[in-house]
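Single-structure report; data block below.
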Amino acid sequence: MQVKPGLIDSVSHLVHTLVTIIETRLELLATDFEEARARAVTVLLFVGLAVICFGLAIGLGTLFVVMLFWDTYRLAAIGGAALFFSLAGFLLWWGMLRTVRGTPRLFVATRTELSKDRERLAPPVR
């Protein structure tokens, strides 16, 4: 039995197309993963800096209370530093929350493209 060259070419073209689609989707998945990783690093940086600022605020606040009964201007300096680090901690925390809330779901672009592929490859409904 002899196979027509047109059939072999069609199957070869179909396999090539499927491999190309899979390759493209894997690249898209890798890009989505990299974006998610970059967002996670940003969030961890915000959390780390906020924790440091809150720790300094607590330490300086405690020092402020201890020194409350001491002499003249040391209190204003310590209180100002504690206020500064508290404000910095709150701003960093707010930035982290804004980043987390604004983050899209993971692999949205990949899932969208796979959904389109599934619709295109589905047999026509009669």
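Evaluation of Gly79 against the conditions (1) modelled with pLDDT of 85 or more; (2) surrounded by 14 or more Cβ atoms within 10 Å (Cβ to Cβ) shows that the sole unmet condition is (1). Restricting segment 32-80 to residues that are assigned to a helix (DSSP H, G or I), out of contact with any helix residue (DSSP H, G or I) (no Cβ under 8 Å at 6 or more places or on another chain) and not hydrophobic (A, V, I, L, M, F, W, C) leaves a set whose member that is farthest from Arg101 (Cα to Cα) is Thr62. Scanning segment 45-76 for residues being over 30 Å from Glu35 (Cα atoms) and either buried (at least 17 other Cβ atoms within 10 Å of the Cβ) or more than 27 Å from the chain's Cα centre (by Cα) (or both) gives a total of 21.
The values are calculated or read from the model by the stated rules, or taken from the named source; none is laboratory data. The model shown is predicted, which means the values in this text are computed figures rather than measured ones. Neighbour counts are summed over all protein chains in view; Cβ atoms, including those assigned to glycine, are modelled from backbone coordinates with ideal geometry.
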